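I have placed the structure first, in the form of structure tokens, so that the comments after it can refer back to it.
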């Protein structure tokens, strides 16, 4: 265990230096949610039944979760880079714990993601978003958000290790932008047609988004929704833990085997 912690910390440090040396990617991932908040908040807000500040308060938790889901894309691309550029082969020849590299990448991504939410929250406050529920709900909301980010990064790492090239990882990563669209991150799902509503409500993004809205006091839990959305905190925890339990061990196993 001590070796895993030591090696994992070293790999996390390497990943953080990697992010520092690629500031463009970090800036892009922080600017995009802010642009979406301003654009969607002022354009869509005038077309929905929740105009102005009310819609922006509804939207911001959804953007936080959609950004956390972006861990699939970043985890995939970073893992594919190391995999296809021979970095993984070098690590496999070193006396490093096989679980340390994926865990270090996930922990570093978690730290960067936590810092990356600050600009979005500040802009959200500037356009009218507020925590309207008890202050005790904020730590729980942050914890759920980071846990979900860790789960998404685990998915991305496995997919990155399964890709045939960096280009394939980039193309597959771009496709993940569809996931928040099939959820309640941007719009309420109550009026969607039957099949689309079912897909949206069983999307893990919907459960986490609903949990954040409930904990922040921005919107009530919708009635008559599927179980993960009707019980959003429990649904978020269950989805995140199941995804981590499935994808993280598979990513570690794939990395340890080093087979292409």
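The values are calculated or read from the model by the stated rules, or taken from the named source; none is laboratory data. All values reported here derive from a predicted model rather than from experimental measurement. Methodologically, a virtual Cβ is constructed for each residue, glycine included, from the backbone with ideal geometry; neighbour enumeration extends over all protein chains shown.
Kindly indicate whether any position in region 210-222 is without any contact (Cβ under 8 Å) to a residue 60 or more places away in the chain and either buried (at least 22 other Cβ atoms within 10 Å of the Cβ) or part of a helix (DSSP H, G or I) (or both).
Within region 210-222 (the criterion being without any contact (Cβ under 8 Å) to a residue 60 or more places away in the chain and either buried (at least 22 other Cβ atoms within 10 Å of the Cβ) or part of a helix (DSSP H, G or I) (or both)), the answer is yes, since at least one residue qualifies.
When region 98-126 is examined, which residues are found to be in a loop (DSSP other than H, G, I, E, B) and either crowded, with 19+ Cβ neighbours inside 10 Å or at positive phi (or both)?
Across region 98-126, the qualifying residue is only 99.
Among the residues of region 128-148, are any on the phi > 0 side of the Ramachandran plot and touching a helix residue (DSSP H, G or I) at 6+ places or on another chain (Cβ under 6 Å)?
Among the residues of region 128-148, at least one is on the phi > 0 side of the Ramachandran plot and touching a helix residue (DSSP H, G or I) at 6+ places or on another chain (Cβ under 6 Å), which makes the answer yes.
Output the residue which, of all residues in region 28-52 that are at pLDDT below 70 and within 25 Å of the chain's Cα centre (by Cα), is surrounded by the fewest Cβ atoms within 10 Å (Cβ to Cβ).
Among residues in region 28-52 that are at pLDDT below 70 and within 25 Å of the chain's Cα centre (by Cα), the one surrounded by the fewest Cβ atoms within 10 Å (Cβ to Cβ) is 28.
For region 223-249, which residues satisfy the criterion of being part of a helix (DSSP H, G or I) and surrounded by fewer than 17 Cβ atoms within 10 Å (Cβ to Cβ)?
Matches in region 223-249: 227, 230, 234, 238, 241, 242, 245, 246, 249.
Can you spot a residue in region 149-156 that is under 16 Å from residue 232 (Cβ atoms) and touching a residue at least 12 places away in the same chain (Cβ under 8 Å)?
Within region 149-156, one or more residues are under 16 Å from residue 232 (Cβ atoms) and touching a residue at least 12 places away in the same chain (Cβ under 8 Å).
Can you find a residue in region 78-88 that is closer than 18 Å to residue 153 by Cβ, modelled with pLDDT of 85 or more and not in a helix (DSSP H, G or I)?
No: zero hits.
Among 187, 205, which is the only one that is touching a residue at least 60 places away in the same chain (Cβ under 8 Å), crowded, with 17+ Cβ neighbours inside 10 Å and farther than 23 Å from residue 151 by Cβ?
Among 187, 205, only 187 is touching a residue at least 60 places away in the same chain (Cβ under 8 Å), crowded, with 17+ Cβ neighbours inside 10 Å and farther than 23 Å from residue 151 by Cβ.
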